[in-house]
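No value in this document is a laboratory result; all are computed from the given coordinates. Small disclaimer: the values here were computed from a predicted structure and weren't measured. So basically every Cβ, Gly included, is an ideal-geometry build from the backbone, and we count neighbours across all protein chains shown.
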Amino acid sequence: MSQLQDRIAQFRKMATDDPENELGHFRLGQLLAEDGQHAEATKAFARTLELSPQFSKVYQLLAECHQKLGENEKAIEVLTTGYKVADERGDKMPRDAMGKMLAQLGAPIPKVEKVVEDDGPDTGFRCERPGCVAGRRARQLPKPPVADAIGVRIHEKICADCWTGWFKDYSIKVINELRLDLSSEFGQREYDKYMHEYLGFEA
């Protein structure tokens, strides 16, 4: 079994064992798309959006799969919705990418209205984790959670709720389901890889 196939199997198991885990479905979709299994990838991405409809990047990836399958009408429908979601969230990169895709497909780019923010204090901190739902209420961690460069990056880019979601919930699932030994170099490397994926950091 290739490394890609092995990772697909890992995330398929994770998504099956924990069907409410949007990241498991998201990563499964990414890996299936990478493997050319676009029809299967659309199912994983669609499930991700059921669980986390504000996860703007997923609309872009789902539309790309529909395009690969020759389903341009479905791609346009997904892109139109995704463009609006990304604009509302201030996710400029996926929004602009989806706008470009719509133009290439000959479809209109949605006109968006400024959304009145919900009530509640604006903390001024913006979490950069894809799928974060805190929005203007995002709270910055009081200090870096670990004393190294990645800790500083988490402090600067990731809100307290998303970090807690990783540290107290998802990381435990990763350790248990993949039976990681964090005292080993391999176990720590795998742990770090999944943490980067959860937080939306590139490898």
Review point. Summing -39500 (n - 2.57) over the DSSP H runs of n ≥ 4 in the chain and dividing by its residue number, what mean residue ellipticity at 222 nm do you reach, to the nearest 500 deg cm²/dmol?
Key: -19000 deg cm²/dmol
**Study point:** Using a Förster distance of 22 Å, the FRET efficiency for residue 111-residue 50 (Cβ separation, nearest 0.05)
**Key:** 0.25
Study note, to complete from the structure: Sorted by chain and then number, the residues having a modelled amide H within less than 5 Å of the amide H of residue 159, at least 5 places away or on another chain, are 128, 129
Revision key, fill the gap. Ordered by number, the trypsin sites (Lys or Arg not before Pro) in the stretch 38-85 that occupy a DSSP loop and have at most 16 other Cβ atoms within 10 Å are none
Review point. Kirkwood hydrodynamic radius of the chain from all distinct Cα pairs, in Å?
Key: 18.1 Å
Check your understanding: Which net charge results for the neighbourhood of residue 19, defined as the other residues with beta-carbon distances under 13 angstrom from its beta-carbon, given Lys and Arg at +1 and Asp and Glu at -1?
Key -> 0
Review point. Separation of the stretch 30-96 and the stretch 129-199 by C-alpha centroid, Å?
Key: 24 Å
Practice item. For the chain, with a Gaussian network of springs between Cα atoms less than 10 Å apart, report the residue from 45, 11, 26 with the top mean-square fluctuation. Key: 11
Revision key, fill the gap. Computed over the stretch 1-107, the convex hull of the Cα set has an average projected area, in nm², of 6.4 nm²
Study note, to complete from the structure: Residue ranges of DSSP H helices in the chain that stretch 24 Å or more (Cα, own long axis) and have mean Kyte-Doolittle hydropathy of at least 1.0 are none
Exercise for review: Mind checking which lysines have their Cα closer than 18 Å to the Cα of residue 84? Skip sequence neighbours fewer than 8 apart in that chain.
Suggested key: 57, 74, 92, 100, 111, 114
Review point. Using a Förster distance of 41 Å, how high is the FRET efficiency between residue 103 and residue 182, based on the Cβ-Cβ distance and rounded to 0.05?
Key: 0.30
Check your understanding: Taking the simple approach of a point 7 Å from Cα along Cα-to-Cβ for both residue 37 and residue 137, what is their distance in nm?
Key -> 3.8 nm
